[in-house]
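Worksheet: the structure to be examined is printed underneath.
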Amino acid sequence: MIELADKVAIVTGGSRGIGSAISTELAKSGVKVVVNYHSDVESAKKVVAEVKAAGGEAIAVQADVSNSEDVLSLIEQTINHFGQLDILVNNAGITKDKTFRKLSQDDWHQVINVNLNSVYNTISSALPHLLESDAGRIINISSIIGQTGGFGQTNYSAAKAGLIGYTKSLALELARKQVTVNAVCPGFIETEMVQEMPDKVREQIIASVPVQRLGQANEIARSVLFLCRDGEYITGQQLNINGGLYM
Ligand code: NAD
């Protein structure tokens with residue numbers, strides 16, 4: 001078990017939904033958290049305030065993860081402020097769901113850029129610092145859709161499946177360097193991303209989940225905490241948190 005007090009984490013897209021739950025959960029264990037946000041500064045400030053109110057440390061840093069210069073600046077600001085980086089949670093993601101025949105080139109590229117190419121940006125800039133940690137952790141938030149596919153989600157499933165392959169390859173490369181690399185694959189979690197679905201689709205999804213409910217963001221956050229604190233011997237894995245929907 002790793003002592004997390006004084007470790008430093010970046011959570012991309014940390015201002016709402018699953019990212020905000022991960023930020024606050026890690027902070028409760030003493031991790032200093034960089035809450036990355038894209039455009040909603042007010043929500044990011046709220047997460048930082050919540051962490052501070054609970055006695056933790058956090059800062060909010062703007063960066064578009066699909067932009068390599070933004071990401072370099074995110075890592076630099078982290079090191080300037082906290083002096084180290086131990087945990088990188090690649091959580092930022094978007095959907096642009098359409099059947100393939102209606103999918104524009106832009107819909108394809110945006111989803112691949114934000115969900116997959118972003119991980120090249122974050123890890124290439126963060127890796128020199130993670131390698132200096134005695135317990136480096138990279139956690140990629142993939143999706144059940146990267147495992148099963150999803151109707152109208154060719155772009156998203158390609159990106160999320162790509163993250164899983166990337167996770168395994170990088171885990172092999174970093175296994176001897178005290179840096180673990182894992183993917184967390186949420187099922188359907190009750191966040192704004194899922195609230196945007198039509199009610200009928202939501203009801204169908206809930207009926208198909210063996211535990212008969214949507215997941216909660218803090219259930220994903222606790223799995224990330226587990227990988228950070230108890231995951232010294234866990235690398236290259238897909239941790240499925242999906243109520244039994246995919247086994
Ligand atoms: P959300 O839409 O509430 O949060 C996504 C976050 O990513 C937001 O804070 C958003 O601002 C940020 N983001 C988007 N584009 C960005 C960019 N270019 N740069 C920086 N940040 C950016 O969604 P969520 O449900 O909390 O999803 C979080 C992650 O979990 C995503 O990767 C998503 O694909 C994945 N996921 C979600 C579910 C679910 O059911 N909600 C299921 C499986 C996987």
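The values are calculated or read from the model by the stated rules, or taken from the named source; none is laboratory data. From a predicted model like this one, the values you see are computed outputs, not experimental measurements. Quick reminder, even Gly has a Cβ in these numbers, built from the backbone with ideal geometry, and neighbours come from all protein chains shown.
Okay, here's what the table says:
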| quantity | calculated |
| --- | --- |
| Only one of N67, N80 that is surrounded by fewer than 22 Cβ atoms within 10 Å (Cβ to Cβ) and either of a type in the set (V, I, T) or more than 13 Å from the ligand (Cβ to nearest atom) (or both) | N80 |
| Members of the stretch 171-187 that are buried (at least 18 other Cβ atoms within 10 Å of the Cβ) and either modelled with pLDDT under 95 or in a helix (DSSP H, G or I) (or both) | A171, L174 |
| Any chance I206 is more than 16 Å from the chain's Cα centre (by Cα), farther than 16 Å from R16 by Cβ and in a helix (DSSP H, G or I) | yes |
| Which listed residue is surrounded by fewer than 24 Cβ atoms within 10 Å (Cβ to Cβ), of a type outside the set (A, V, I, L, M) and more than 9 Å from the ligand (Cβ to nearest atom), from S29, S39 | S29 |
